[in-house]
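Structure, as structure tokens:
A short reminder: the numbers here are calculations on the coordinates, not readings from a lab. A quick note: this is a predicted structure, and the numbers were derived from the prediction, not measured. Methodologically, a virtual Cβ is constructed for each residue, glycine included, from the backbone with ideal geometry; neighbour enumeration extends over all protein chains shown.
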Amino acid sequence: MEISQQCVVALTWTLKDTLGEELDVLDDPVEFLIGGHDLFPTIEEALQGHSAGATLNLQIEPEQAFGDFNDQLIFLEPRALFPADLEEGLTMEGSALPAGCNPDAPKDALYTITDIYPEHVVLDGNHPLAGIAIRITLNVHTVREATEEEIGRGSAGTGFFRIQPLHTEVPGDDTLH
């Protein structure tokens, strides 16, 4: 079966930056709905017409993937507002930020704690790959027709690739393994 709209593909991949540094590897095949919200449009377009066994090598620019880096999504917040056991690398939804944080911090963003200082915490609302052109090698393992439930949901249902809150519909910055 060839890949087309409203089908489900099982993929594995290797994701690298343009210098060849490995950023992510998906070894076990995971299913994605073509024509839904599971993959970037650039990847869906490239997959069209291919079938199981295909390997594709793509370079995707930031605006086609995780977006450009936005320095307006960096916030310096008082350390005292956060729990003592806070660790760098933790993420939190904007709607769950402690009272007293900057009211301009978008509530529908996902923030990563990038630095912890004695008096301040740095929150970054950018996707970790924002501003980075990526190279991805995709391997197509299976292709099948999508179920009515998958089509209605707009997803094959894996869900663990989303790193933005599910209610956020900002193209280009809502998914990653």
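Data table
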read-out	value
Per-peptide average of other Cβ atoms within 10 Å, ordering 88-99, 6-17 highest first	6-17, 88-99
Size descriptor, Kirkwood hydrodynamic radius, that averages inverse alpha-carbon separations across the stretch 71-124, Å	11.0 Å
Residues E93 and T18, FRET efficiency given R0 of 25 Å [Cβ-Cβ distance, rounded to 0.05]	0.25
Inter-centroid distance (Cα atoms) of the stretch 12-35 relative to the stretch 50-115, Å	20 Å
Charge context of L47, other residues only, Cβ under 14 angstrom, K/R +1, D/E -1	-4
Charge dipole magnitude, Cβ of K and R +1, D and E -1 - the chain, Cα centre, debye nearest 20	180 debye
Average projected area [Cα convex hull, the chain], square nanometres	11.0 nm²
